[in-house]
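Novice: Pasting a structure below so you can have a look.
The values are calculated or read from the model by the stated rules, or taken from the named source; none is laboratory data. Since the model is a prediction, treat every value here as computed from it, not as a measurement. Glycine also receives a Cβ, built like all others from the backbone with ideal geometry; neighbour counts cover every protein chain displayed. SASA here: full protein model, heavy atoms, side chains in, ligands and nucleic acids out. Shrake-Rupley method; radii C 1.70, N 1.55, O 1.52, S 1.80 Å.
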Amino acid sequence: GLFSHEENESLRVFKVHETGKRIDSYEEIKSVYTELLEHKDIVTEITLSQNSYGVEACNAISEAVQQCVNLQVANLSDLFVGRQREEVTVSMRALGTALLNCKGLEVLDVSDNAFGPDGVRAFSELLEKAASLKELHVNNDGLGPESAAIIAESLRRCENLKLEVFSAGRDRLENPGISVLAEAFAAMGSLRKISVPQNGIKAAGMVALFGALSNNPNMQVIEINDNNLKDEAAYTALAQCLESLNYISVLNIGDCLLGDAGARRIITALKNSNPHLRQLYLNYDELENPAIIDELVELLQMRAELELVEIKGNEFPSKAKKRLADFDFEREVSIALKSEGEEEEDEEEEEEEEEKEEEELAKGVENIELKED
């Protein structure tokens, strides 16, 4: 293990070195176990990531963790590479049970573990009882709708839970998964950040999610990129949700097949709400209407804190993009207009336009000469 020597002694971070090795037995983990126990009263954060732990090793760690009563952050991401599902389930049950003893647990990260429903059930009791939890990260766990339903049920059962951050990227949630989670979010009303990119969520799931987020008045960050907002019902639900909120600072709806009508509806909503918007991502959203550029210019003028706008991978005319790039907003604004491929395309487009203009100019000169003859 490795301790970071913070000036603030009350915040002590314990980290097992990332070796990528398989750690199976108590003997192999003994030094970690001993060191954790030595510092059990002052450890507030533990990271076990990027090693592969067997059942015996997890049991030993769990015994030590159980005595770290002041633990606030548990990073248990990427623990089980190459392990059988049965092993993962037993190990997670041991770790989850140990963490029940940590009454001040605020952050749980179990990302990058191929759980399956049994693995999720193994720590569902922790989710039901950890009323202090503020952040839950379950990214890239291959959850699917069944595991999502187990998590949602556990969160609903947890009395007085005020979860603020939920992230579940690349988890195959789809409409059923996000819909059951949305019910839990609506009941809590405490979310500040949601991050669910790349989950195959379409209109019905989006409508459920945005209905729930409207009931979370402190929402600040919405990251739903790489899903599907093509349907009018989906982008209208998002627009209405935005109009009901005041504190959104980051909105990422890139790679969502949004289309021109959807983008205009969202930008209109942002003009009428959320005065502290800082970042807006509309990359690869099948946009081409230059009027959207004009509306973005207006939005940037209205929102003094808006510092970053990304619209890469769309089909705007190069003249419209240039207008946005050249506009003087009288402050530092980062505008990402083009992916590398687009830069080449735009250069070609500009060259073609220049050639056309030269040809037309030459024709004009010829006509003048003919008239003079």
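Novice: For the range 202-306, just the Cα atoms, rotate onto the principal axes and tell me the three extents in Å, largest first.
Specialist: Taking max minus min along each principal axis of the Cα atoms, the range 202-306 gives 33, 30, 18 Å.
Novice: Please list, in order along the range 118-126, the HN-Hα scalar couplings obtained from phi with the Karplus expression 6.51 cos²θ - 1.76 cosθ + 1.60 (θ = phi - 60°), rounded to whole Hz, x for Gly and Pro.
Specialist: Coupling constants for the range 118-126: 5, x, 5, 4, 4, 10, 5, 5, 4 Hz.
Novice: Can you figure out the FRET efficiency of ASN272 with VAL107, using R₀ = 45 Å and their beta-carbon distance, to the nearest 0.05?
Specialist: Working from the Cβ atoms, E equals 0.85.
Novice: Any idea how far apart GLU351 and GLU232 come out in nm if each label point goes 7 Å out from Cα toward Cβ?
Specialist: Between GLU351 and GLU232, the simple spin-label model gives 4.3 nm.
Novice: Give the percent of DSSP beta bridges with both residues in the chain that are antiparallel, rounded to the nearest 5.
Specialist: That works out to approximately 5 percent antiparallel.
Novice: Using the Kirkwood radius over C-alpha pairs as Rh, can you work out the diffusion coefficient of the chain via Stokes-Einstein at 25 °C, viscosity 0.890 mPa s, in µm² per second?
Specialist: Diffusion coefficient, whole number: 106 µm²/s.
Novice: Rounded to the nearest 10 degrees, what's the angle between the helix 203-213 long axis and the longest principal axis of the chain, both from Cα atoms, 0 to 90?
Specialist: 70
Novice: Going highest first, how would you order 170-176, 92-98 by mean Cβ packing within 10 Å?
Specialist: Ranking the peptides 170-176, 92-98 by packing returns 92-98, 170-176.
Novice: Any idea what log10 I(q)/I(0) is at q = 0.20 Å⁻¹ for the range 33-176, Debye with uniform C-alpha scatterers and no solvent?
Specialist: With no solvent term, the Cα-only Debye profile gives -1.26.
Novice: OK, next. Leaving out ligands and nucleic acids, note down the accessible area per residue over the chain with a 1.4 angstrom probe, in whole Å².
Specialist: Roughly 47 Å² per residue, with all protein chains present.
Novice: A further question follows. From largest to smallest, what semi-axes in whole angstrom does the range 46-123 give when each is the square root of 5 times an eigenvalue of its alpha carbon gyration tensor?
Specialist: 19, 12, 12
Novice: Given only helices, namely DSSP H runs of n ≥ 4 each adding -39500 (n - 2.57), what is the per-residue ellipticity at 222 nm of the chain, to the nearest 500 deg cm²/dmol?
Specialist: Result for the chain: -15000 deg cm²/dmol, rounded to the nearest 500.
Novice: Then there's this: For SER25 and ALA114 in the same chain, what is the full-extension length gain: residue separation times 0.36 nm, less their Cα-Cα distance, in nm?
Specialist: This chain segment gains 29.9 nm when fully extended.
Novice: What percentage of all Cα-Cα pairs in the range 231-373 are separated by more than 26 Å?
Specialist: Pairs farther apart than 26 Å: 34 percent.
Novice: Please work out how much length the chain gains when fully extended from LYS319 to VAL81, using 0.36 nm per residue of separation minus the C-alpha to C-alpha distance, in nm with one decimal.
Specialist: 80.7 nm
Novice: Report P(r) for the range 263-339: all Cα-Cα distances, bin width 10 Å, range 0 to the bin holding the largest distance, values in whole percent.
Specialist: 19, 59, 22
Novice: Please report, to two decimal places, log10 I(q)/I(0) for the range 291-334 at q = 0.22 Å⁻¹ as given by the Debye formula with identical point scatterers on the Cα atoms and no solvent.
Specialist: Each listed q corresponds, in turn, to -0.74.
Novice: How high is the relative contact order of the chain, given as a whole-number percent (alpha carbon pairs under 8 Å, six or more residues apart)?
Specialist: Relative contact order of the chain: 8 percent.
Novice: Sticking with this one: Could you pull the Cα extents of the range 2-109 along its three principal axes, largest to smallest, in whole Å?
Specialist: 40, 26, 21
Novice: Separate question: Kirkwood Rh over Cα pairs of the range 163-203 into Stokes-Einstein at 10 °C, 1.306 mPa s: D in µm²/s?
Specialist: Rounded to a whole number, D works out at 152 µm²/s.
Novice: When the convex hull of the C-alpha atoms of the range 108-161 is computed, what volume per residue in Å³ does it have?
Specialist: 61
Novice: Okay, moving on. DSSP loop GluC sites (Glu not before Pro) in the range 122-168 with at most 14 other Cβ atoms within 10 Å of their Cβ, which ones?
Specialist: GLU159
Novice: Could I have the simple spin-label model distance between ALA261 and HIS39, label points 7 Å from Cα toward Cβ, reported in nm to one decimal?
Specialist: It works out to 5.8 nm between the two label points.
Novice: A further question on this structure: Taking only Cα atoms, what is the 0 to 90° angle, nearest 10, from helix 55-65's long axis to the longest principal axis of the chain?
Specialist: With rounding to tens, the tilt is 90 degrees.
Novice: How big, in percent, is the set of alpha carbon pairs in the range 166-242 lying more than 19 Å apart?
Specialist: Roughly 22 percent, once rounded to a whole number.
Novice: Ignoring ligands, DNA and RNA, what percent of the 1.4 Å accessible area of the range 208-254 is carbon and sulfur?
Specialist: With neighbouring chains kept in place, the figure for the range 208-254 is 37 percent.
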